[in-house]
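Here the structure comes first, spelled out in structure tokens, and everything after it is commentary.
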Amino acid sequence: MVESFTDWVLFFLLILALLSLDLFVFNRRKEAVPLKKALLLTAFWIFLALIFGALIYFEMGANAATEYYTAYVIEEILSVDNMFVFLLIFQSFAVPEEYQHEALFYGIIGAMVFRLLFIFAGTELLHRFDFMMYLFGALLIFLAVKTMVKKDAIKDPKDNFIMKFATKHMRTTDGMEGGRIFVRKNGALFVTPIFLTILALEMTDLMFAIDSVPAVLAVTPDPFIAYTSNIFAILGLRSLYFALEGVISKFSYFKYGIGVILIFVGVKMILSGTYPIPILFSLTFILSVITITIIASVIINRHRKMCV
């Protein structure tokens with residue numbers, strides 16, 4: 001387990017540098033993210049995640065590196081499910097494409113803080129109470145079944161009570177105000193639809209963290225590996241969203257793949273004390289399930305088009 005304070009400091013300095021690079025170099029202008037740029041940035045973030053895994057390999061060993069890569073893959077897969085909600089949020093608040101990246105940027109900064117709290121709380125619970133392993137495993141299996149049987153329709157984020165409270169008790173503008181989050185009018189402070197969008201994104205991540213964090217902790221008990229894999233997956237989420245924006249709706253069977261993976265991880269967590277499943281097998285199984293899911297979605301969607 002990595003317990004060095006220096007490791008954490010260096011990691012946060014790295015993330016700060018990457019966030020600055022993203023905001024002030026890659027996306028310094030407010031504009032729609034073209035497909036080519038989104039694909040290049042997605043490849044860049046994945047490459048960085050792989051390099052960081054190699055550093056973990058040299059510092060902590062092969063097993064730790066495999067745990068990192070497995071946790072990273074799980075988080076990326078679960079993040080794709082978030083994209084359906086991102087799309088609805090942007091549509092609900094009528095956010096133009098040129099402002100979407102910045103809204104995701106600030107939403108992800110908040111997600112980084114909450115994930116840190118959740119992961120440390122989760123690891124502490126698992127360390128203190130052995131039965132939490134069974135509870136988390138059962139929770140993942142429950143969420144897996146819920147994911148597979150839920151209807152495709154997603155609740156409008158504006159119907160959430162927190163969003164209703166915000167719109168009722170805060171001064172809000174009708175326009176985007178040039179993509180700003182706050183504006184002053186006649187000496188009074190107003191929030192823009194961008195602020196409400198960021199708030200909706202934060203709330204969405206809190207909900208997804210309920211299955212994301214236990215799933216990662218089922219793979220590794222090390223908070224450093226759990227958190228770094230989470231953050232590298234989240235960093236690449238924005239560019240991945242813009243790369244897949246046009247085809248997200250075609251992943252019609254993706255939820256079943258996510259469900260199978262969550263069930264597997266939940267069972268792995270429950271059996272960890274008696275019949276531990278090798279981490280390399282876990283990584284292979286998860287990659288196989290998601291590959292089959294994507295291929296099935298493509299084939300079935302193509303068959304539906306031919307039948308129309």
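The values are calculated or read from the model by the stated rules, or taken from the named source; none is laboratory data. Small disclaimer: the values here were computed from a predicted structure and weren't measured. No Cβ is skipped: glycine too gets one built from the backbone with ideal geometry, and neighbour counts run over all protein chains shown.
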- Can you name the residue in the stretch 23-34 that is of a type in the set (A, V, I, L, M) and part of a loop (DSSP other than H, G, I, E, B) and, of all such residues, is modelled with the highest pLDDT? Val33
- Say whether the condition of being surrounded by fewer than 18 Cβ atoms within 10 Å (Cβ to Cβ), of a type in the set (A, V, I, L, M), at pLDDT 80 or above and out of contact with any Lys or Arg (no Cβ under 6 Å at 6 or more places or on another chain) is met by at least one residue in the stretch 157-180. no
- Taking Ala94, is it over 17 Å from Tyr241 (Cβ atoms) and not in a helix (DSSP H, G or I)? yes
- Task: All but one of (1) free of Cβ contacts under 8 Å to residues at least 40 places away in the same chain; (2) farther than 23 Å from Ala218 by Cα hold for Gly61, so report the exception by its number.
- Result: (2)
- Among the residues of the stretch 35-47, is there at least one that is of a type outside the set (A, V, I, L, M, F, W, C), surrounded by fewer than 13 Cβ atoms within 10 Å (Cβ to Cβ) and assigned to a helix (DSSP H, G or I)? yes
- Task: Among the numbered conditions (1) aliphatic (A, V, I, L, M); (2) part of a helix (DSSP H, G or I); (3) crowded, with 24+ Cβ neighbours inside 10 Å, tell me where Val219 comes up short.
- Result: (2)
- Task: Please find, within the stretch 168-198, the residue that is nearest to Leu88 (Cα to Cα) out of those that are assigned to a loop (DSSP other than H, G, I, E, B) and among the hydroxyl-bearing types (Ser, Thr, Tyr).
- Result: Thr192
